[in-house]
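Right, one structure below, let's go through it.
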Amino acid sequence: MRVFDVDRKSFPPASDDEEVQLLDVEMELPQEKIDANKTRQEKRKWIYASLTILLCGILFVALWVSMGANKQLSPAAEGNEAGGAITPGEKPEPKVPEVNFGETFQRYLPASELLQMWESTINAKNLAIDMEYLPKIGRSIEGRDIAAVRLGNPSGANKTVLITGGVHAREWISPAALLGAFLKIASSTDPSLLQLFQKVRLLVVPLVNPDGYDFSLQTNRMWRKNRRDNDKGNCKGVDLNRNFGAHYGAADASTSSCSETFRGSGAFSEPESSAIRDLVNSEKSKGMDFVGFIDFHSYGGLILYPPGWGNRSPAVPTKTEQELVDLAGLISRRIKQVSGYDYKPESAQQLYPVGGSADDWMYTVCSTGLSFTIELRPSDQNVCDKRCITNNGFVLPASEIESTAKDVMAAILTLMEHVG
Ligand code: 0X9
Ligand code: ZN
């Protein structure tokens with residue numbers, strides 16, 4: 001056997017058939033060197049083992065952190081409804097409601113189409129506000145259903161604001177702009193708007209007078225009243241804004257059935273006005289507190305506040321009166337901000353006193369007394385005579401619907417914010 005030469009770090013030259021046996025060679029090394037080698041190898045083993053454990057630890061921590069972050073962002077990982085991917089740390093966007101505006105801003109819709117828009121919107125996907133369609137709060141004199149809509153927290157808030165449209169048949173802009181405002185609200189994802197509907201409920205009667213409205217649309221553009229048959233077909237219609245049960249008949253409310261302002265046979269003699277009364281009473285019996293009211297009419301560009309029936313009532317508390325004046329002013333400023341249109345705040349009786357109007361009745365119903373009639377566009381005050389019967393202010397081009405919807409939305413939200 002050849003012996004390993006430690007100094008030369010090699011074996012001496014071997015013959016071709018000689019086998020090299022390292023084991024034997026080691027055995028030939030001095031004992032201290034073998035021991036030193038062993039210690040070095042042990043140390044190396046320990047270093048490798050510690051490094052491996054450390055590396056595994058780092059890898060495990062990194063994996064755990066990334067899994068935790070993914071868990072938080074899991075809805076965002078799929079992207080939001082608007083199609084945008086959400087970057088880590090960003091709050092997930094609410095789903096965008098699938099609201100279809102249809103031809104709302106292109107033309108004045110017949111009663112059935114108009115209400116269909118309300119109903120289908122309430123059935124739309126991803127709505128952020130809780131809504132309910134009440135298909136029949138009453139039946140018109142010709143047998144059409146009078147519908148209502150509830151918007152906002154059904155159980156949380158009992159503060160309720162009532163909104164009515166289309167009381168007068170020829171004032172087409174009222175139900176049209178109200179629908180437009182509703183669609184804008186229903187499609188909104190603005191958090192402050194959504195929060196408002198957690199605090200205050202909205203009860204809307206989009207078309208109080210469906211018979212008169214369709215009659216104005218199809219037959220007589222200037223029709224104002226409902227379609228009650230007064231004298232065996234001789235003279236039709238009751239002025240619904242003279243038929244409510246507050247200061248009934250006090251002023252400008254005719255007893256002649258042919259008059260444009262015929263008050264009817266008694267307070268709430270008409271199914272359309274009594275449908276509003278019944279709705280309000282039924283909501284009140286469920287514990288709802290009416291804290292505000294707006295009745296949308298046209299025209300004049302006015303924000304009218306009670307009292308509107310005659311001489312100033314001594315029962316009107318000064319504080320409420322001042323609040324009404326201030327709020328009418330605030331609504332006017334908000335509308336100006338959003339659409340640029342000028343609405344004039346004014347006392348309803350200053351315009352002209354009437355008895356049996358919806359605003360004076362709701363003034364008595366609302367715990368706050370915050371009841372308004374808003375006369376929508378156009379303002380045209382120079383040419384508008386009393387009730388604007390003879391001129392054309394009612395004939396507002398459909399191109400104005402969208403902008404007027406902004407006025408309506410601003411008015412409603414300002415009132416809701418004030419009472420919320
Ligand atoms: O006369 C009405 O009913 C209203 N004007 S309209 O041109 N839309 O017909 C105004 C009613 C104002 N309210 C009170 N004076 N109470
Ligand atoms: Zn009117």
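Before moving on, here are some points about what is shown:
- Which listed residue, of Thr121, Thr104, is in a helix (DSSP H, G or I), in contact with a helix residue (DSSP H, G or I) (Cβ under 9 Å, 6 or more places away or on another chain) and of a type in the set (Ser, Thr, Tyr): Thr121
- Only residues that are without any contact (Cβ under 8 Å) to a residue 40 or more places away in the chain and not in a helix (DSSP H, G or I) were counted in the range 332-383, giving 3.
- Leading residue by the ranking (farthest from ligand 1 (Cβ to nearest atom)) among those in the range 275-297 that are within 26 Å of Leu351 (Cα to Cα) and not aromatic (Phe, Trp, Tyr): Val291
- Checked against the criterion of being more than 16 Å from ligand 2 (Cβ to nearest atom), surrounded by fewer than 22 Cβ atoms within 10 Å (Cβ to Cβ) and closer than 23 Å to Thr373 by Cβ, the candidates Gly156, Gly138 yield just one match: Gly138.
- Answer residue from the range 347-364, given it is more than 8 Å from ligand 1 (Cβ to nearest atom) and surrounded by fewer than 20 Cβ atoms within 10 Å (Cβ to Cβ) and is modelled with the lowest pLDDT among those: Gln350
- Failed item, numbered, when Glu283 is tested on (1) part of a loop (DSSP other than H, G, I, E, B); (2) in contact with a strand residue (DSSP E or B) (Cβ under 7 Å, 6 or more places away or on another chain); (3) surrounded by fewer than 21 Cβ atoms within 10 Å (Cβ to Cβ): (1)
- Scope the range 167-193; condition among the aliphatic types (A, V, I, L, M) and within 12 Å of ligand 1 (Cβ to nearest atom); matching residues: Val167, Ala169, Ile173
- Filtering Ala275, Ala267 for residues that are within 17 Å of His168 (Cβ to Cβ) and crowded, with 19+ Cβ neighbours inside 10 Å leaves a single hit, Ala275.
- Of the listed requirements (1) under 25 Å from the mean Cα position of the chain (by Cα); (2) within 12 Å of ligand 1 (Cβ to nearest atom), Ala246 misses just one: (1).
- Some residue of the range 321-330 being of a type outside the set (Gly, Ala, Ser), part of a loop (DSSP other than H, G, I, E, B) and either more than 16 Å from ligand 2 (Cβ to nearest atom) or at pLDDT 95 or above (or both): no
- Search result, residues across the range 225-238 that are within 15 Å of ligand 2 (Cβ to nearest atom) and in contact (Cβ under 8 Å) with a residue 60 or more places away in the chain: Asn226
- For the range 240-258, the tally of residues that are without any contact (Cβ under 8 Å) to a residue 40 or more places away in the chain and either surrounded by 17 or more Cβ atoms within 10 Å (Cβ to Cβ) or away from ligand 2 (no atom under 16 Å from the Cβ) (or both) stands at 4.
- Residue that is surrounded by the fewest Cβ atoms within 10 Å (Cβ to Cβ), among those in the range 188-238 that are farther than 15 Å from Ala128 by Cα and aliphatic (A, V, I, L, M): Met222
- Against the test of being at pLDDT below 95, in contact with an Asp or Glu (Cβ under 6 Å, 6 or more places away or on another chain) and either buried (at least 19 other Cβ atoms within 10 Å of the Cβ) or among the acidic types (Asp, Glu) (or both), the options Gly393, Gly369 yield a single qualifying residue, Gly393.
The values are calculated or read from the model by the stated rules, or taken from the named source; none is laboratory data. Keep in mind the model is a prediction, meaning the values are calculated, not measured. Note that we place each Cβ from the backbone using ideal geometry, even for glycine, and neighbour counts take in every protein chain shown.
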